[in-house]
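Bear in mind that the values in this text are calculations on the coordinates, not laboratory data. Worth saying up front: this structure is predicted, and the values here are computed from it rather than measured. Cβ coordinates were reconstructed from backbone atoms using ideal geometry, including for glycine residues, and neighbour counts include every protein chain displayed.
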Amino acid sequence: MSSSSPASTERPGSTPVLSHRQILFIIFGLMAGMFLSALDQTIVGTSMRTIADDLDGMALQAWVTTAYLITSTVSTPIYGKLSDIFGRRPLFIIAISIFLIGSLLAGMSGSMYELAIFRAIQGLGAGGLMALPLTIMGDMLAPRERAKYQGYFLAVFGVSSVIGPLIGGLFAGAPELLFITGWRWVFLINLPIGVIALAIVLRFLHIPHTRHSVRIDWWGAATVVLAVVPLLLVAEQGRIWGWASAGSIACYAIGVAGIVGFILVERAMGDDALIPLKLFKNSTFRVATILGVLVGFGMFGAMMTVPLFLQLVEGATPTESGLLMLPMILGLMISSIASGQIIARTGKYKAFPIVGTFLLLSGFFYFSFATADKPVWWMMGGMLLVGLGLGQLMQTLTIASQNAVEARDIGVATSSSTFFRQIGGTLGTAVIFSVLYTRIPTTIAAAFADPTLSERVRTAAQDPAVLSDPANEGILKVLQQAQENSGSAGTALDGDTSFLLGANHDLAAPFLTGFADATVTVFWVSFAVVAVAFVLSWFLKAPPLRAKSALQERTDAQAAVDAEDELSLAAQRAAELAGSQLSPDTASNRVVDPSTKR
């Protein structure tokens with residue numbers, strides 16, 4: 001006998017808990033939610049300069065990014081644990097709602113301080129939008145089947161990475177749209193998309209959930225904030241503050257104290273911990289988590305450095321650099337979808353982390369030969385390699401983590417995997433930019449010392465046509481200031497780089513060469529990190545993928561418990577019935593021994 005309820009089943013494991021139609025509609029809603037968070041990470045970058053100019057807060061723009069990053073990272077494991085306790089649906093609805101409120105407020109910001117606060121609110125919602133879709137997929141689909149669909153989620157990530165800079169540039173360049181300042185639509189565009197996602201989730205996302213009586217790990221949440229926030233803060237601001245400054249040292253100390261406190265609290269909480277330490281006893285989960293940190297480092301290293309290279313060295317606009325990243329996105333989509341189909345058909349995934357890290361390693365090795373005179377198409381070859389590698393890693397590591405834990409821990413396992421990948425990405429971004437801006441003064445000075453480049457600058461600076469061109473006014477001023485400061489131009493790229501836009505190529509050559517050489521150092525750092533990941537990938541154990549979804553496993557387990565209870569109850573009733581039938585017969589046929597009478 002069947003039922004129209006989403007949770008209907010005939011016998012344990014006999015039919016899916018959710019129909020194919022229900023799964024598709026839920027996936028649409030999840031993809032819309034993930035699109036929101038992915039788009040918001042890319043759309044703001046190209047418009048931030050316009051926003052900062054309008055709100056008169058150029059010096060504060062880093063805090064807008066940092067606030068979002070901190071809250072989204074910290075909230076990710078909290079969403080995972082709470083969804084295990086209270087169910088995925090209410091937590092996903094809360095995440096979308098918080099994100100939409102933050103988007104509305106950000107679009108109404110009157111100062112950079114307000115924008116930073118409202119972006120922090122957005123981040124609180126984004127933490128759930130990043131972790132919960134993959135968790136819900138783990139509930140609905142068996143690992144083998146899940147691999148087919150997760151490729152489409154990565155495709156959403158890829159599409160948002162391409163159109164985000166385009167839309168951001170379009171809005172930032174429009175003085176007004178529908179009587180509202182153009183840049184405010186960078187945040188307000190989330191509202192219609194979010195409402196659609198919320199409507200789909202409210203209508204179709206009805207996943208059965210059995211609430212468990214567990215302790216909520218409030219101290220774990222408090223200590224993870226104490227551990228992560230100072231370290232993320234110093235990672236983002238340390239280059240500006242100084243890595244050995246009093247503020248940085250205070251962040252190090254507080255962060256380490258938070259980590260120690262977090263470990264002690266999680267050990268005391270046991271299974272109820274925010275991130276149960278027992279998960280790390282599983283070698284597959286442990287290795288997949290470390291790989292996620294290293295891959296996050298490499299991924300953000302590529303996605304942050306390559307667009308900067310395209311804009312400064314190749315002369316692309318922010319919008320054009322987004323389009324030029326298409327080979328990386330295309331490689332990511334192709335490899336993620338193809339690997340997903342192969343995993344679904346074979347049930348094997350051991351090879352993909354190895355091949356993925358090798359391709360990622362090859363991409364960074366390829367980038368290490370980058371020079372200022374390399375054409376754009378040459379850089380695209382490296383982007384394709386990096387994309388092909390990332391596509392095989394992102395979903396495979398998530399599937400490995402989910403497959404390594406029990407069904408009841410899928411939420412916390414998925415959010416933990418996402419959390420540590422974000423930590424790796426944040427550290428990667430901090431290290432990459434620290435190395436880059438530390439190397440730039442040296443490499444630019446070396447470029448100016450090159451006889452060929454210095455002669456090109458000298459010849460161009462004596463050309464009347466070059467001197468009279470307004471586009472060269474900025475770079476000539478920088479060169480003059482460098483000459484007055486004993487020929488040092490190494491710090492010219494620390495601040496405003498607009499003097500390179502449209503400038504004579506011979507005048508700009510030392511700056512472009514210096515920046516390209518500094519970027520190559522960054523690529524070598526990423527190469528070294530991914531090389532460690534490549535070696536570690538050989539040690540990833542790949543147990544067979546489970547044939548049932550977490551939801552089906554929980555349903556079957558509950559059905560087995562119910563059946564056992566019914567058998568126990570039936571046996572108890574049979575015993576009671578047998579006892580009631582035996583008593584009268586025994587009484588009527590009892591023989592009394594006369595010797596016992598007094």
Using a 7 Å offset from the Cα along the Cα-to-Cβ direction at both Leu24 and Asp469, what is the distance between the two label points in nm, to one decimal?
5.7 nm
Please tell me which of these pairs span more than 21 angstrom C-alpha to C-alpha: Lys148/Lys278; Lys148/Lys348; Lys81/Lys350?
Lys148/Lys278; Lys81/Lys350
Highest mean first, how do 196-205, 400-409 rank when packing is the count of other Cβ atoms within 10 Å averaged over residues?
400-409, 196-205
Once you charge only the Cβ atoms, +1 for Lys and Arg and -1 for Asp and Glu, what is the size of the charge dipole of the stretch 17-208 about its Cα centre, to the nearest 20 debye?
740 debye
Could you work out the local net charge near Ile354, counting Lys and Arg as +1, Asp and Glu as -1, over the other residues with Cβ closer than 14 Å to its Cβ?
+3
Expressed to two decimals, the stretch 218-273 has a Cα Rg over Rh, using the Kirkwood radius, of 1.11
Gain in span if fully extended, Leu323 to Ile196, counting 0.36 nm per residue against the direct Cα distance
43.0 nm
Order of 78-89, 130-141, 105-116 by packing, highest average Cβ count within 10 Å first?
130-141, 78-89, 105-116
For the stretch 17-208, take the convex hull of the Cα atoms, compute a quarter of its surface area, and give me that in nm², please.
10.4 nm²
